[in-house]
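Asks: Sharing a structure below in structure tokens format, with a few things to ask.
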Amino acid sequence: MKIVLQNVNVVNPESKINEKKSSILIEDGKIVKIGKLSSSELNGTEEFNLSEKYVVPGFFDMHVHLREPGREDEETVKTGCDSAANGGFTGIACMPNTEPAIDSAEVVSLIKKQAKGHLVDVKVIGAATQGRKGEMISPMAELCEAGTVGFSDDGVAIKTAAILKRALEYSKMYDVPIIEHCEDESLAGGAMNEGFNSTLLGLPPIPSVAEDLIVMRGIIMAEYTKGKFHVAHISTKRSVKMVREAKEAGINVTAEVTPHHFTLTDDIIKTYDTNAKMNPPLREKKDVEEIIKGLKDGTIDCIASDHAPHADEEKEVEFEFAPNGIIGLETQIGLTLTELLQKKVLTLEEIIFKMSINPRKILRIPTPKFEKGEIANLTILDLDEIWTVDITKFKSKSKNSPFDKRILTGRAVGVVNNNKMFYDNNFINI
Amino acid sequence: MPLSNRHLLGLEGVPKEDIQLILDTTTTFREVLERPIKKVPTLQGNTVVNLFFENSTRTRISFELAEKRLSADAVNFSSSSSSVSKGETLKDTMRNIEAMKVDMVVVRHSAAGTPRFLTNICDSNIINAGDGIHEHPTQALLDMYSIREKFGKLEGLKVCIVGDVAHSRVALSNIFGLITMGAKVSVCGPSTMIPRNIEELGVDVIYDIDEAIQENDVLNVLRIQLERKAREYFPSIREYAKYFGITEERLEKNGKDIVILHPGPINRGVELSAAVADGLHQIILQQVTNGVAVRMAVLYLLGTMN
Ligand SMILES: [Zn+2]
């Protein structure tokens, strides 16, 4: 089948393309031509007139919780992928804190099997330690052979410095990162950021230093072992500063941030809304400011959602008893375009790096090329559309988002990948 | 003039006029409690549920008595909230209770914000009887009432809250209420028990108990939780008693009259020496009576808003 995306602005910094009012001809899922098309080339194609929307390399979210296996009532591989496509992603990496944890080739294959044939590519992050218990490193060689692209005990940090050292040393053989949920165990367990607001609300606090200590530990250990250390969902001012300094010193460290950590502060917890409860917790204005600075100067490499589905009945409880996390796949691009593009923090090209190219590079996944013969792997963006978030329209099985009813500017209107297109709320085989 | 809010979730943001109204109404009910027949028909036909997810016999009895003195129908519901996943959710419990045509709910819970959460899921007036380490507004109101009874005013008085401020719901409510009423508030305790950024609320922090005694008109002494994890915040009971305990010696040394309040029950020999505790006997009993009157005032003012 032949389709053509007509009247589009094509931007792909990796392929050095930035063409206004162009067209993309795709046949059997592969790019045939980018540029002006003759009427004979348009013959027999299905045309999509996209009135100057932007076509960019398919976005990739490197921090997604799919809940399968174990909590299929909250999300499955299938619903997670649908949610990703609806949110504008052509690829995601799923975190290993499932039941059982992703610490064996069998679980990796199960997830791959469930994801097979979907538009969205599912890459798997394996557990860094067996059962995520922090005692023995996981069978990383076998997991890498099964297709794992990184390792993490996400939900918690790797339990001890000794195990972290081993994990960094061992994973180095396969050049994959150790992705750390940076939180010191002895300072963990609270319900929100420690500060004026936690004092005011009487909620048990998590100090920002709980994150800083583990970021520091990871940086020091990465330098010592020469392993790859990736900071998941960075949230504090000091962590951003330490990552910046480590990068300047040539240490192999990368970092991601979630849209909620650059959009919100712990002020929104004042109503005890459990959809404002996540870990790391929402921080303060000074932290958000440093994160913005870190996004601008390249300290923070990627934007990732930390998409964490939870059932309604689990969130509709006392704040302290509610589980951490919010869904993010379907608000991430809108928030990024609203908070970073519209406010001129980042350019579109910089956003493409942080949401498409960098996460794939960190996980050593090929990046989408806009060249003849390449698989068409792209996201279509409307940078100007003003829309209102409506959780009832989400494809995710869960609805736990603090962004419901929020007005955003800019969104993804479609994606193409794996011989499929998602457009106008429909999956089409192309 | 009615209160500005149909719930009493805490004293944060409660305007001066409201606090004034509650305290003045308390005086009226205080008189009722002195009569031979200590009962008024004000809330006849109203049903109040005392929803206690945490053991607190004193507070519950005080509320229950207040409800009965106002001729309301009082129903008690007690449950342990320690388990998260076991059994019914709070939402389900609340829905069931509300189906019984309840007008007001008095709630005590170990998790901060629970009273606020209840306002989202039911229509009754909610009264916070203590939520986690957040607020305990009726306790603070009765403390303020007792202070006002002594001094005839609150404005300009210097009040110090002594003890484990970080893990006290009484402290925060007192701070909010007293500052609104124009008192000068400070806190005194081991630094591990003073919450972060407390100065931003407009209170001074004192680490020296003698200074606290010297500088203030009133000490509101909190109960040190000996049984809970609060014990990890100071080295030993002996050290606490030695450096932060209030003794007759200390009071004499600083040579001045000072009013001491304590929400009870007292750990004798810890936050107060036995002699100081004995000297407080009368005041503490008075506080108990004031507690009933304050709760009558709150129930009455909220109950007659509907
Ligand atoms: Zn995490």
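Asks: Looking at A:Gly328, A:Gly334, A:Gly294 in this structure, which one is within 16 Å of the ligand (Cβ to nearest atom), buried (at least 17 other Cβ atoms within 10 Å of the Cβ) and in the same structural domain as A:Glu74 (by TED's automatic domain parsing)?
Replies: Among A:Gly328, A:Gly334, A:Gly294, only A:Gly328 is within 16 Å of the ligand (Cβ to nearest atom), buried (at least 17 other Cβ atoms within 10 Å of the Cβ) and in the same structural domain as A:Glu74 (by TED's automatic domain parsing).
Asks: May I pose another question? Among the residues of the range A:125-139, is there at least one that is buried (at least 17 other Cβ atoms within 10 Å of the Cβ), within 24 Å of the chain's Cα centre (by Cα), in a helix (DSSP H, G or I) and away from the ligand (no atom under 15 Å from the Cβ)?
Replies: no
Asks: Turning to a different aspect of this structure: Restricting the range B:121-160 to residues that are in a helix (DSSP H, G or I) and of a type in the set (Lys, Arg), which is farthest from B:Ile175 (Cα to Cα)?
Replies: My answer is B:Lys150.
Asks: Would you point out which residue out of B:Leu21, B:Leu9 is under 16 Å from the mean Cα position of the chain (by Cα) and over 10 Å from B:Met296 (Cα atoms)? So that I can check it myself, show each step before the final result.
Replies: Working: B:Leu21 fails: under 16 Å from the mean Cα position of the chain (by Cα).
So the residue among B:Leu21, B:Leu9 that is under 16 Å from the mean Cα position of the chain (by Cα) and over 10 Å from B:Met296 (Cα atoms) is B:Leu9.
Asks: Pairs needed: first member in the range A:45-64, among the aromatic types (Phe, Trp, Tyr); second member anywhere, not in a strand (DSSP E or B); C-beta distance under 6 Å; at least 6 residues apart or different chains.
Replies: A:Phe59/A:Gly88; A:Phe59/A:Met355; A:Phe59/A:Ser356; A:Phe60/A:Ser356; A:Phe60/A:Pro359; A:Phe60/A:Arg360
Asks: Would you confirm, using the coordinates I've provided, whether A:Glu313 is assigned by TED's automatic domain parsing to the domain that holds A:Ala84, away from the ligand (no atom under 16 Å from the Cβ), crowded, with 19+ Cβ neighbours inside 10 Å and without any contact (Cβ under 8 Å) to a residue 60 or more places away in the chain?
Replies: no
Asks: Applying the selection to the range B:97-152, what residues are at positive phi and at the interface with another protein chain (Cβ under 9 Å from one of its Cβ atoms)?
Replies: Result: B:Gly113, B:Gly132.
Asks: OK, next. Inside the range B:195-205, can you point out the residues that are outside any loop (DSSP other than H, G, I, E, B), closer than 25 Å to B:Arg231 by Cβ and either within 9 Å of chain A (Cβ to nearest Cβ) or touching a Phe, Trp or Tyr at 6+ places or on another chain (Cβ under 6 Å) (or both)?
Replies: Filtering the range B:195-205 down to residues outside any loop (DSSP other than H, G, I, E, B) leaves B:198-201, B:204-205.
If we keep only those that are closer than 25 Å to B:Arg231 by Cβ too, we end up with B:198, B:205.
B:Ile198, the sole residue that qualifies.
Asks: Sticking with this structure for a sec: Check the range B:182-194 and report whether any residue there is touching a residue at least 60 places away in the same chain (Cβ under 8 Å) and in a helix (DSSP H, G or I).
Replies: no
Asks: Right, another one. Tally up the residues in the range A:354-404 that are under 30 Å from A:Glu180 (Cα atoms) and in contact with a Gly (Cβ under 6 Å, 6 or more places away or on another chain), please.
Replies: Summing the residues that are under 30 Å from A:Glu180 (Cα atoms) and in contact with a Gly (Cβ under 6 Å, 6 or more places away or on another chain) in the range A:354-404 gives 5.
Asks: Among the numbered conditions (1) within 14 Å of another protein chain (Cβ to nearest Cβ); (2) in contact (Cβ under 8 Å) with a residue 24 or more places away in the chain; (3) touching a strand residue (DSSP E or B) at 6+ places or on another chain (Cβ under 9 Å); (4) surrounded by fewer than 19 Cβ atoms within 10 Å (Cβ to Cβ), tell me where B:Ile175 comes up short.
Replies: It is condition (4) that B:Ile175 fails.
Asks: State all residues of the range A:83-107 that are among the small types (Gly, Ala, Ser) and under 20 Å from A:Ile303 (Cα atoms); if no residue qualifies, say none.
Replies: Of everything in the range A:83-107, those that are among the small types (Gly, Ala, Ser) and under 20 Å from A:Ile303 (Cα atoms) turn out to be A:Ser83, A:Ala84, A:Ala85, A:Gly87, A:Gly88, A:Gly91, A:Ala93.
The values are calculated or read from the model by the stated rules, or taken from the named source; none is laboratory data. Remember, predicted model here, so these are calculated numbers, not experimental data. Please note: Cβ atoms are built from the backbone with ideal geometry, for glycine as well, and neighbour counts cover all protein chains shown.
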